[in-house]
Amino acid sequence: MTVHTVDVPEGNPVFGSTTSAFDSFGYSAAVRAHGLLFIAGTIGRRADGTIPDTIEEQTEIALAKIEEILRLENLDPSALVDVTSYHVDIRQHLPGFVETKQRLVKAPYPTWTIIGVSGLASPGLLVEIRATAAYPELR
């Protein structure tokens, strides 16, 4: 089995200083295996490392990071086949998340699982999104 690790280059304008998390926590931004791209959980931390207060901005940033990983692999959001999002205070933040998601995510839609959690890796984080995409030969 061939496994390809996707590295986000340092200085990437979407990820900025947050690329240090990959080494600090010992994980890859994404891994390609068996014609699929497994994208690690992405969070709404700005490129400068700060965390926005709103679910809308955090959702926009997390989705932009997923799009950037797809772009690095010459894919676009239509390649997404499965997405899972984890939400702190889900009842409070779900309306803002859904509004932002509907504005940014277009058909064809992937499957999507929404899970409420008690917390994420850093205080202030409200959403984390992980995704799986398929390369053209498997779609």
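Listed values, structure above:
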| read-out | value |
| --- | --- |
| Subset of region 5-63 [modelled with pLDDT of 95 or more, part of a helix (DSSP H, G or I) and open to solvent by less than 40 Å² (accessible area, probe 1.4 Å)] | Ile55, Gln58, Thr59, Ile61, Ala62, Leu63 |
| Test result for Lys101, out of contact with any Asp or Glu (no Cβ under 9 Å at 6 or more places or on another chain), crowded, with 17+ Cβ neighbours inside 10 Å and more than 24 Å from Pro9 (Cα to Cα) | yes |
| Filtered residues of region 1-24 (kept if over 14 Å from Glu68 (Cα atoms) and without any contact (Cβ under 8 Å) to a residue 12 or more places away in the chain) | Ser20, Ala21, Asp23, Ser24 |
| Region 110-122 - residue that is modelled with pLDDT of 95 or more and assigned to a loop (DSSP other than H, G, I, E, B) and, of those, surrounded by the fewest Cβ atoms within 10 Å (Cβ to Cβ) | Ser118 |
| Index of the failed condition, Glu73 passing every other in (1) among the acidic types (Asp, Glu); (2) out of contact with any helix residue (DSSP H, G or I) (no Cβ under 9 Å at 6 or more places or on another chain); (3) surrounded by 12 or more Cβ atoms within 10 Å (Cβ to Cβ) | (2) |
| Those residues of region 77-109 which are outside any helix (DSSP H, G or I) and either without any contact (Cβ under 8 Å) to a residue 12 or more places away in the chain or closer than 27 Å to Tyr135 by Cα (or both), in sequence order | Leu80, Val81, Asp82, Val83, Thr84, Ser85, Tyr86, Val105, Lys106, Ala107, Pro108, Tyr109 |
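The values are calculated or read from the model by the stated rules, or taken from the named source; none is laboratory data. Predicted model, so just to flag it, every value in this text is computed and none were measured. Glycine also receives a Cβ, built like all others from the backbone with ideal geometry; neighbour counts cover every protein chain displayed. Areas reflect the complete protein model, heavy atoms only, side chains present, ligands, DNA and RNA absent. Shrake-Rupley method; radii C 1.70, N 1.55, O 1.52, S 1.80 Å.
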